[in-house]
Amino acid sequence: MNETFYDVLRRQGISRRSFLKFCSLTAASLGLGNTFAPKIANAMETKPRTPVIWLHGLECTCCSESFIRSAHPLTKDVVLSMLSLDYDDTLMAAAGHQAEAIIEQVKSKYDGNYIVAVEGNPPLAEDGMFCIHGGRPFLEVLKETCAGAKAIISWGSCAAYGCVQAAKPNPTQATPIHKVISDKPIIKVPGCPPIAEVMTGVIAYILTFDRLPELDRQGRPKMFYGQRIHDKCYRRGHFDAGQFAEIWDDEASRKGYCLYKVGCKGPTTYNACSSMRWNGGISWPVQSGHGCIGCSEDGFWDKGSFYDRIVGMDNFGIEASADRVGGPVAGVVAGAIATHAVVTALSRSKKKSD
Ligand code: SF4
Ligand code: SF4
């Protein structure tokens with residue numbers, strides 16, 4: 001009999017109390033409210049784990065780095081348990097033919113019922129020869145593996161959009177996943193890399209509810225990409241007051257004024273950085289003194305200098321959703337903050353049980 005998520009968690013020594021806390025905080029982090037906590041618990045107690053094959057194309061592995069270097073090890077344990085991460089050539093112990101055999105096993109045993117998570121993208125030039133996986137072009141492996149999948153996760157801006165390896169003139173023809181796989185549901189989780197808790201939140205949602213969360217027009221989950229960096233930035237008051245850093249390390253910069261004039265792309269970027277922050281909620285790029293470069297937006301790498309100010313944007317100061325300027329998405333911020341609470345609570349639970 002296939003193990004459920006809950007079986008695995010118990011086997012790993014996670015108490016029922018911690019499990020229920022995880023379910024309740026996960027519901028909050030996803031903006032679903034407390035009534036969804038029992039549904040999450042029920043799904044985790046009764047559903048068999050969903051196998052995930054995690055493939056790597058042209059990329060730098062920063063998405064894996066973000067995921068596995070989460071400041072909250074228990075969250076990682078929980079999610080890895082939920083994932084049944086059967087194949088990840090970066091994380092798995094097996095190598096060579098043994099490793100490749102696992103893909104075939106998952107494909108035949110779970111046909112139509114596994115998830116493919118893709119980090120990086122396939123280069124199409126010269127028959128895909130710029131990225132070789134197990135002796136074959138990555139493009140071939142990707143298409144074959146996705147053929148029996150029920151859904152695809154495009155991790156990071158490389159898989160979602162192409163990113164720097166697709167920068168003009170793109171000599172390898174690096175191409176995002178949705179342009180080579182068109183017959184499967186695809187969720188994009190862009191960023192360079194995405195925030196660890198965004199990655200775990202997306203997986204928790206898909207595995208719990210057996211469907212993709214609500215997506216914006218670009219295919220990103222609204223719960224994490226529904227709001228502009230600019231709208232939750234703690235420097236926003238300075239923006240509204242017309243207080244700007246003019247050059248790096250001037251007096252205004254040292255006072256923490258808005259970084260718009262030194263190139264911050266927060267007003268045109270949709271991501272959870274300003275509400276959820278990074279490294280367990282400790283800080284984020286703007287808090288460290290650098291403007292947002294817009295890494296979760298398509299084409300950010302080819303849009304000129306990161307240090308030139310944005311020009312020609314409508315509705316500049318108005319709170320906005322990605323789909324419709326002027327329509328903020330209720331619950332998103334509360335969700336993002338609550339995700340931080342999830343991982344913090346899990347860390348505490350783990351420490352108590354250790
Ligand atoms: S322009 Fe950048 S630094 Fe200024 S308020 Fe917006 S996001 Fe924050
Ligand atoms: S602040 Fe902007 S550039 Fe930095 S990680 Fe977030 S979205 Fe990407």
Original post:
If you go through segment 206-223 one residue at a time, how many are closer than 26 Å to Thr268 by Cβ and in contact with a strand residue (DSSP E or B) (Cβ under 8 Å, 6 or more places away or on another chain)?
Top reply: 10
Subject >> Residue under evaluation Arg217, criteria (1) buried (at least 18 other Cβ atoms within 10 Å of the Cβ); (2) of a type in the set (Lys, Arg); (3) within 17 Å of Pro190 (Cα to Cα), criterion not met >> reply: (1)
**OP:** Kindly list, by first and then second residue, each pair from a residue in segment 276-290 that is among the basic types (Lys, Arg) and at pLDDT below 95 to a residue that is in a loop (DSSP other than H, G, I, E, B) and within 11 Å of ligand 2 (Cβ to nearest atom), limited to pairs with Cβ atoms under 6 Å and residues at least 6 apart or on different chains.
**Re:** Arg277/Trp284
Original post:
Among all residue pairs at least 6 apart or on different chains, which show Cβ distances below 6 Å where the first residue, located in segment 55-67, is modelled with pLDDT of 90 or more and the second is assigned to a loop (DSSP other than H, G, I, E, B) and of a type in the set (Gly, Ala, Ser)?
Top reply: His56/Gly120; Gly57/Gly120; Leu58/Gly120; Glu59/Gly120
Original post:
So, in segment 256-284, of the ones that are within 9 Å of ligand 2 (Cβ to nearest atom) and within 17 Å of the chain's Cα centre (by Cα), which residue ends up nearest to Ala196 (Cα to Cα)?
Top reply: Trp278
**OP:** Of all residues in segment 1-47, count the ones that are closer than 24 Å to Gln227 by Cα and either part of a loop (DSSP other than H, G, I, E, B) or in contact (Cβ under 8 Å) with a residue 40 or more places away in the chain (or both).
**Re:** 8
**OP:** From Pro185, Pro176, Pro213, Pro194, grab the single residue that is closer than 28 Å to Lys39 by Cβ, in the same structural domain as Leu9 (by TED's automatic domain parsing) and in contact with a Gly (Cβ under 7 Å, 6 or more places away or on another chain).
**Re:** Pro194
Original post:
Within segment 230-237, is even one residue within 29 Å of the chain's Cα centre (by Cα) and either outside the structural domain of Gly291 (by TED's automatic domain parsing) or within 19 Å of Asp298 (Cβ to Cβ) (or both)?
Top reply: yes
Original post:
If you take the residues in segment 225-249 that are assigned to a helix (DSSP H, G or I) and in contact with a helix residue (DSSP H, G or I) (Cβ under 7 Å, 6 or more places away or on another chain), which one is nearest to ligand 2 (Cβ to nearest atom)?
Top reply: Ile229
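The values are calculated or read from the model by the stated rules, or taken from the named source; none is laboratory data. Computed from a predicted structure; not experimentally measured. Neighbour counts run over all protein chains shown; Cβ positions are idealised from the backbone, glycine included.
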